Amino acid sequence: MNSISKYVIVGGGTTGWIAACVLANQFRDQACSIQLIESDQIGTIGVGESTIPPFLELLQSLNIDEVDFIKKTQASFKLGIEFNDWRVKGESYFHPFGSITAGMDEYSFYQLWLKKQRQNNLPGLQSFSINSVMAQQQKFFMPQQGQTPLADSRYALHLDATLVAKYLKNYALEAGVVRTEGKLVDVYQANKHITKVTLDNGAEIRGDFFIDCTGFNALLIDKHMGVKYIDWSQYLPCDRAVVAQTKGPTEITPNTKASASDAGWIWRIPLQTRVGNGYVYASEYCTDEEAKATLLAQLDGELLTEPRVIHFKTGMREQVWQGNCLSLGLASGFIEPLESTAIHLVVRGMVHFMRNLPNKKCQAALRNEFNRRIRMDYEEIRDFIVLHYCLTQREDTPFWRYCKSMALPDSLQHTLDYFKASGSLPEQMDPLFSPVSWRSVCEGMGFSPESHSPLVNSQDNHQLTEQLQDYAESLTNFVEQLPSHTDFIQHHCASTAEH
Ligand SMILES: Cc1cc2nc3c(=O)[nH]c(=O)nc-3n(C[C@H](O)[C@H](O)[C@H](O)COP(=O)(O)OP(=O)(O)OC[C@H]3O[C@@H](n4cnc5c(N)ncnc54)[C@H](O)[C@@H]3O)c2cc1C
């Protein structure tokens, strides 16, 4: 009797519709209604086009057919991220998804590679990653179980944010979610719980539990409940992005590109028929006009949209869930998009919420556990993003000098010290970024462990160097046989998307 019988979601961007889909899927056939309020007048942020592999798990959990989703959202495949000019100008490295094993277990491979590389000048770490080699050759194939290098592969998607929201909206409506058009104007509460909201058209909407998905407006969690924002801009000083879409491409690259620039970095996200571009920058070191000019100078296709500036602040809410109000997406926090983690945090928010599903009383213990857990996710991601900046050797602009010398979060400093000493990571609960991710970025930024672990000495033998060299060579040959990314899309999942 105490169960929640009505959820009200305010906001219909990617976040609002993800929340609606997850709830509708969970409560299908149950006496629980879900209503979503959105305002066409306000619209959505319209960015958020690069994902990470767990996004596919969301689609699976909703029983969404992946090929159908790809066709209708103009999606392309993403094997990882290419970073240009981050350590010094002119250098590049790749952060792949998936594992790097060379047919061994991941830990042993890395430690043996560390040992042998120093002695025998072995190929670089990414020569052993199927994803990195595929990206280098612009190839793509689905991961496969068994004794093939594709067993180590994982992928994510680049997608059209507007089409994703549309796709998820159709799913949610079919699953029984009620959509209400209107602009939220007032929020009412009793005993620190929201009881109803009113819209500009006079409608009153009551509910037991409210989910704030109103983007940076954060209408419920901030404007109404006054939950404070923890500001992390001392670690991540970028606070704006100028974004624009371009036509093309003829060849669709299977990776996001993140190229460092004078006061931040520039992304390139290739979809099937257009490219998303943006310059993420720190306004302390660069004006909007300079940022626009820098972005426009880097574009390689005809402009489809005029450059648009978006403001943000990296950080998160002190309590992501307060009373009977859960905040999700941009309303709950934002870490700049370098590793495409924002949509993932929405999904994580829903996963943690489902594990701590409250009744009408919104038990404090469930809320506290949720808040503790989501904060761990945010902090892990924050540290991993800061890693990309703090290892720079660049001193050519004030922005990079700041990044090189800034004070780090204690948790990141500990991870770096531990990695230096062991080549491993401190143990964490259910981390998003695997050791492969940390090793790839650290190696790419020229930060290597002092030594390999003595544990692998017994696995070494005099043929190992040759075996590893052969593996890297056979991987290159194997990938040469695979279809190009562009051909793979054409044959299996060419876009049928209409805006
Ligand atoms: C520069 C930039 C780049 C990004 N890149 C990535 C990326 O590559 N990968 C990634 O995962 N994420 C990325 N993100 C984050 C991603 O854009 C968001 O997580 C995602 O779009 C979800 O946004 P949202 O739904 O929370 O907010 P929004 O899209 O802003 O939606 C807010 C909703 O609330 C509604 N609303 C607001 N006020 C009212 C009101 N008064 N009444 C009624 N409705 C209202 C709006 O109409 C809208 O429906 C990026 C973000 C930025 C800023």
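Key figures
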read-out: Test: residue in the stretch 23-42 that is among the β-branched types (Val, Ile, Thr) and closer than 25 Å to GLY276 by Cα; value: yes
read-out: Any hit, the stretch 138-157, residues being within 16 Å of the ligand (Cβ to nearest atom), surrounded by fewer than 20 Cβ atoms within 10 Å (Cβ to Cβ), in a strand (DSSP E or B) and in contact (Cβ under 8 Å) with a residue 24 or more places away in the chain; value: no
read-out: Test result for SER50, over 16 Å from VAL351 (Cα atoms), hydroxyl-bearing (Ser, Thr, Tyr) and away from the ligand (no atom under 14 Å from the Cβ); value: no
read-out: Filtered residues of the stretch 256-304 (kept if of a type in the set (Val, Ile, Thr) and over 15 Å from ASN84 (Cβ atoms)); value: THR273, VAL275, THR287
read-out: Matching residues in the stretch 259-274 - criterion: being more than 15 Å from THR246 (Cβ to Cβ) and either among the aliphatic types (A, V, I, L, M) or not in a strand (DSSP E or B) (or both); value: ALA260, ASP262, ALA263
read-out: Residue, farthest from the chain's Cα centre (by Cα), within the stretch 275-293, restricted to residues that are under 23 Å from ALA342 (Cα atoms) and not in a loop (DSSP other than H, G, I, E, B); value: ALA291
read-out: Selection count where residues are surrounded by fewer than 24 Cβ atoms within 10 Å (Cβ to Cβ), touching a residue at least 60 places away in the same chain (Cβ under 8 Å), farther than 15 Å from THR180 by Cβ and out of contact with any Ser or Thr (no Cβ under 8 Å at 6 or more places or on another chain), scope the stretch 25-56; value: 8
read-out: Where VAL197 falls short, out of the listed (1) within 18 Å of the chain's Cα centre (by Cα); (2) within 15 Å of the ligand (Cβ to nearest atom); value: (1)
read-out: Extreme residue, surrounded by the fewest Cβ atoms within 10 Å (Cβ to Cβ), among residues of the stretch 226-244 that are within 13 Å of the ligand (Cβ to nearest atom) and assigned to a strand (DSSP E or B); value: ALA244
read-out: Of residues in the stretch 8-19 being assigned to a helix (DSSP H, G or I) and more than 7 Å from the ligand (Cβ to nearest atom), the one surrounded by the fewest Cβ atoms within 10 Å (Cβ to Cβ); value: ILE18
read-out: Top-ranked residue of the stretch 65-88 - restricted to ones that are assigned to a loop (DSSP other than H, G, I, E, B) and surrounded by fewer than 16 Cβ atoms within 10 Å (Cβ to Cβ), ranked as farthest from the ligand (Cβ to nearest atom); value: VAL88
read-out: Residues located in the stretch 167-186, provided they are in contact (Cβ under 8 Å) with a residue 24 or more places away in the chain and not in a loop (DSSP other than H, G, I, E, B); value: TYR167, LEU168, LYS169, TYR171, ALA172, VAL178, ARG179, THR180, GLU181, LEU184
read-out: Search result, residues across the stretch 116-128 that are assigned to a helix (DSSP H, G or I) and either outside the structural domain of ALA421 (by TED's automatic domain parsing) or touching a helix residue (DSSP H, G or I) at 6+ places or on another chain (Cβ under 7 Å) (or both); value: LYS116, ASN120, LEU125, GLN126, SER127, PHE128
read-out: Answer residue from the stretch 294-324, given it is assigned to a strand (DSSP E or B) and under 24 Å from the mean Cα position of the chain (by Cα) and is surrounded by the fewest Cβ atoms within 10 Å (Cβ to Cβ) among those; value: HIS311
read-out: Any hit, the stretch 59-69, residues being closer than 30 Å to ALA241 by Cα, touching a residue at least 12 places away in the same chain (Cβ under 8 Å) and not assigned by TED's automatic domain parsing to the domain that holds LYS139; value: yes
read-out: Leading residue by the ranking (nearest to GLY323 (Cα to Cα)) among those in the stretch 200-216 that are touching a residue at least 40 places away in the same chain (Cβ under 8 Å) and surrounded by fewer than 18 Cβ atoms within 10 Å (Cβ to Cβ); value: ARG206
read-out: Enumeration of residues in the stretch 328-363 that are out of contact with any Leu (no Cβ under 6 Å at 6 or more places or on another chain), within 11 Å of the ligand (Cβ to nearest atom) and hydrophobic (A, V, I, L, M, F, W, C); value: LEU328, LEU330, ALA331, PHE334, ILE335, LEU338, ALA342, ILE343, LEU345
read-out: Criterion (farther than 20 Å from ALA175 by Cα and charged (D, E, K, R)) met by exactly one of GLU49, GLU38, GLU57; value: GLU49
read-out: Of all residues making up the stretch 23-43, the number that are near the ligand (Cβ under 8 Å from one of its atoms) and at positive phi; value: 1
read-out: Among the residues listed as SER495, SER458, SER448, the single one being closer than 28 Å to LYS420 by Cβ and part of a loop (DSSP other than H, G, I, E, B); value: SER448
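Conditions (1) assigned to a helix (DSSP H, G or I); (2) within 16 Å of the ligand (Cβ to nearest atom), marked per residue:
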{"residue": "CYS21", "(1), (2)": "yes, yes"}
{"residue": "ILE45", "(1), (2)": "no, yes"}
{"residue": "ASN63", "(1), (2)": "no, no"}
{"residue": "GLY90", "(1), (2)": "no, no"}
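The values are calculated or read from the model by the stated rules, or taken from the named source; none is laboratory data. This is a predicted model, so every value here is computed, not measured. Every residue, glycine as well, gets a Cβ built from its backbone with ideal geometry; the counts of neighbours run over all protein chains shown.
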